[in-house]
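Novice: The structure follows.
The numbers here are math on the coordinates, done by the rules we state, and not lab data. These numbers were taken from a predicted model, which means no experiment stands behind them. Every residue, glycine as well, gets a Cβ built from its backbone with ideal geometry; the counts of neighbours run over all protein chains shown.
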Amino acid sequence: MVSGPTDGGPMNGAHGDGARGDGVFIEVDHVEKVFEVRRRTGFLRRERRQVRAVDSISFTVPRGEMVGYIGPNGAGKSTTIKMLTGILTPSGGRLRVAGIDPSRERSRLAHRIGVVFGQRTTLWWDLPLIDSYRLAHRMYRIPDARYRANLDRCVELLELGALLDVPVRQLSLGQRMRGDIAAALLHDPEVLYLDEPTIGLDVVSKARVRSFLRDLNAERGTTVLLTTHDLQDIEQLCSRVMVIDHGRLMYDGPLAGLHQAGESERTLVVDLERELPPIDAPAPARVVRVEGPRQWVAFPAAQSAAPLVARIAAEYPLVDLSVREPDIEAVIARMYEERATA
Ligand SMILES: Nc1ncnc2c1ncn2[C@@H]1O[C@H](COP(=O)(O)OP(=O)(O)OP(=O)(O)O)[C@@H](O)[C@H]1O
């Protein structure tokens, strides 16, 4: 990560090979992963079943982009990341990272990628944090000057100075996560896969991790693929988001477009002078909640609020009103619901 563009580091395409001429760094073309699962169904009986964890997914990621990869539990996110790192071999389709087929040349690729799994650590549990970094130094054969520069920068930006001599098992979750992120970056990876990097962190630690990732991407052009259940991670870091469900890509585009894709709604929060029966709103607008004199009227996000506001103001004893934009959680929940009932 931390090599500057002038010190001969790998940033700015200095690797030369790999990324296509058009800047595409990750290529996923109709990739599938099918697991064979055996289930006991009786005393000596076993049933074989296939789980299609990833179902003909295609996308490309250009160098330097930060992309969110989201979906409900069991959607196929981790399986995709495991195929991108070469841990798993696809059952079908074509996959390239920096021009490398991950499962065929896993160790060659390992020098160019960094991986952080929020729920597991790659650090040595009983050893002081610094020992895991020394090990990575040797394992990845990082040149001494580069290692020192990268470590110094990570220590400074992730505030690890006081933690280097502390055994990993004594670190808090947030401290360990920052330690893990540093470990993944010491060898200057061009792409960083982050699987739930802010899970379980408090607000301050989340902010610190997000700000570090933003800087890393802006300064070093590191490509980032981010899997998370925390949609604020996506809102604050990614201009593009991919939504996966049941192994299929449901949406790939800018965050703003998700609202449209989810056919989301806005809500008019209406304060009346007194408690009244639900407002008679013209369809498709409708009252979705009533609490004393306050009522919530949902209407399509693409529609102007003005006619609805004018009508309510003319027909009801209005005290105050405000319009609430849909939050991304609601939009995505709606997308999942629609798919489940389709
Ligand atoms: N090694 C495996 N053997 C059999 N089935 C598996 C295996 N790994 C994953 N699966 C199944 O594949 C599907 C996708 O799992 P995956 O872990 O990729 O989902 P995910 O989106 O990462 O979920 P989560 O958010 O819960 O981590 C699930 O149905 C899961 O049970």
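Novice: Let me know the longest stretch in the chain that avoids all GluC sites (Glu not before Pro) found in a DSSP loop with at most 15 other C-beta atoms within 10 Å.
Specialist: The segment 1-104 is the longest one with no such site.
Novice: Something else about it: Going by a ≥ b ≥ c, the root eigenvalues of the Cα gyration tensor, does the stretch 123-180 fall in the rounded group (a/c under 1.5), the prolate group (a/b larger than b/c) or the oblate group?
Specialist: Judged from the Cα gyration tensor, the stretch 123-180 comes out oblate (a/c at least 1.5, b/c at or above a/b).
Novice: What is the magnitude of the charge dipole of the chain about its Cα centre, with +1 placed on the Cβ of each Lys and Arg, -1 on the Cβ of each Asp and Glu, and no other charges, expressed in debye to the nearest 20?
Specialist: Magnitude of the dipole: close to 1660 debye.
Novice: Give the range of the longest stretch in the chain that excludes all trypsin sites (Lys or Arg not before Pro) found in loop regions by DSSP and having at most 14 other beta-carbon atoms within 10 Å.
Specialist: 142-273
Novice: Taking a ≥ b ≥ c as the square roots of the eigenvalues of the Cα gyration tensor of the stretch 8-159, is the shape rounded (a/c under 1.5), prolate (a/b larger than b/c) or oblate?
Specialist: It is oblate, given that a/c is not under 1.5 and a/b is not larger than b/c.
Novice: Also: Cα gyration tensor of the chain, axes a ≥ b ≥ c as square roots of the eigenvalues: rounded (a/c below 1.5), prolate (a/b > b/c) or oblate?
Specialist: prolate
Novice: How much mean residue ellipticity at 222 nm does the chain get from its helices, if each DSSP H run of length 4 or more adds -39500 (n - 2.57) and you divide by all residues, to the nearest 500 deg cm²/dmol? Mind dumping the intermediate values first?
Specialist: Numbers: 10 runs with 108 residues, N = 342.
Helices in the chain give a 222 nm mean residue ellipticity of -9500 deg cm²/dmol.
Novice: Between ARG138 and ARG49, what length comes free when the chain is fully extended (0.36 nm per residue of separation minus the Cα-Cα distance, one decimal in nm)?
Specialist: 27.7 nm
Novice: Quote the convex hull volume per residue of the stretch 265-325, based on C-alpha atoms, as a whole number of Å³.
Specialist: Value for the stretch 265-325: 69 Å³ per residue.
Novice: Further question: Would you list, by chain and number, the lysines whose Cα falls below 26 Å from the Cα of LYS33, excluding same-chain residues fewer than 8 positions away?
Specialist: LYS77, LYS82
Novice: May I pose another question? How much length, in nm to one decimal, is gained on full extension between VAL319 and VAL204, taken as 0.36 nm per residue of separation minus their Cα-Cα distance? Let's see the in-between values first.
Specialist: Values: separation 115, 0.36 × 115 = 41.40 nm, distance 3.83 nm.
Working it through step by step, the gained length comes to 37.6 nm.
Novice: Under the definition of Cα pairs under 8 Å and six or more residues apart, what whole-number percent is the relative contact order of the chain?
Specialist: Once divided by the residue count of the chain, the mean separation gives 18 percent.
Novice: What residue among PRO282, LEU237, GLY247 has its Cα farthest toward the positive end of the dipole of the chain, where the charges are +1 on Lys, Arg and -1 on Asp, Glu, each on the Cβ?
Specialist: Checked the options; the winner is GLY247.
Novice: In nanometres, what is the gap between the two model label sites at ARG106 and VAL290, each 7 Å from Cα along Cα-to-Cβ?
Specialist: 6.2
Novice: Between ALA256, LEU216, PRO62, whose Cα lies farthest towards the positive end of the dipole of the stretch 24-259 when Lys and Arg beta carbons carry +1 and Asp and Glu beta carbons carry -1, centred on the Cα centre?
Specialist: The residue sitting farthest along the positive end of the dipole is PRO62.
Novice: Mind listing the long-range amide H neighbours of GLU265? Cut-off is under 5 Å, sequence gap 5 or more, other chains count too, H placed in the peptide plane at 1.01 Å from N.
Specialist: ALA301
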